[in-house]
């Protein structure tokens, strides 16, 4: 490497192919993940109440009857998508993750793609998904299928 005397030139260094830059990424433990779940359940329960209230006030009783006639699963799916997707796609965090100091990342430790976030959210509807944390490496199917991780960030 030749010596550069210009104060405006960026410094250079030699990096061999064998050297790797690694970030210390600490996965969130099961206790934090469970706390995220409880806080997020409260969050989307409050969102469901707010949506019902807004629909009732703005659109009236007929709209509420229309929502009531739809299967509960459909309303639940819409509310869960409205809660998780915008928050995790924009910040990588939900209300629970903000409070516990955790966030969602992709396999490289960066921001997950929009489709990974949608995949995470839809995987939550797999029957018995909540029990998937007890098998394998302690990651739920909503993490392992879209290849995401929940890590500590503070």
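Could you tell me which residue of the stretch 25-39 is nearest to the chain's Cα centre (by Cα), considering only residues that are part of a loop (DSSP other than H, G, I, E, B) and either buried (at least 17 other Cβ atoms within 10 Å of the Cβ) or in contact (Cβ under 8 Å) with a residue 12 or more places away in the chain (or both)?
Residue satisfying both the conditions and the ranking: 28.
Do we find a residue being in a loop (DSSP other than H, G, I, E, B), modelled with pLDDT under 90 and more than 18 Å from residue 30 (Cα to Cα) anywhere in the stretch 66-85?
yes
Residue-by-condition table, conditions (1) within 13 Å of the chain's Cα centre (by Cα); (2) at pLDDT 95 or above; (3) under 14 Å from residue 36 (Cα atoms):
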{"residue": "110", "(1), (2), (3)": "yes, no, no"}
{"residue": "116", "(1), (2), (3)": "yes, yes, no"}
{"residue": "134", "(1), (2), (3)": "no, no, no"}
{"residue": "144", "(1), (2), (3)": "yes, no, no"}
{"residue": "150", "(1), (2), (3)": "yes, no, yes"}
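Restricting the search to the stretch 106-118, which residues are farther than 16 Å from residue 76 by Cα and outside any loop (DSSP other than H, G, I, E, B)?
Correct list: 106, 114, 115, 116, 117.
State whether one or more residues within the stretch 70-78 are in contact with a strand residue (DSSP E or B) (Cβ under 9 Å, 6 or more places away or on another chain) and surrounded by 15 or more Cβ atoms within 10 Å (Cβ to Cβ).
The answer is no; no qualifying residue exists.
If you go through the stretch 118-132 one residue at a time, how many are surrounded by 14 or more Cβ atoms within 10 Å (Cβ to Cβ) and more than 13 Å from the chain's Cα centre (by Cα)?
3
Does any residue of the stretch 138-154 turn out to be assigned to a helix (DSSP H, G or I) and within 23 Å of residue 51 (Cβ to Cβ)?
yes
From 103, 97, which residue is surrounded by 15 or more Cβ atoms within 10 Å (Cβ to Cβ), touching a strand residue (DSSP E or B) at 6+ places or on another chain (Cβ under 8 Å) and in a helix (DSSP H, G or I)?
Every option except 97 fails the conditions.
The values are calculated or read from the model by the stated rules, or taken from the named source; none is laboratory data. Computed from a predicted structure; not experimentally measured. Quick reminder, even Gly has a Cβ in these numbers, built from the backbone with ideal geometry, and neighbours come from all protein chains shown.
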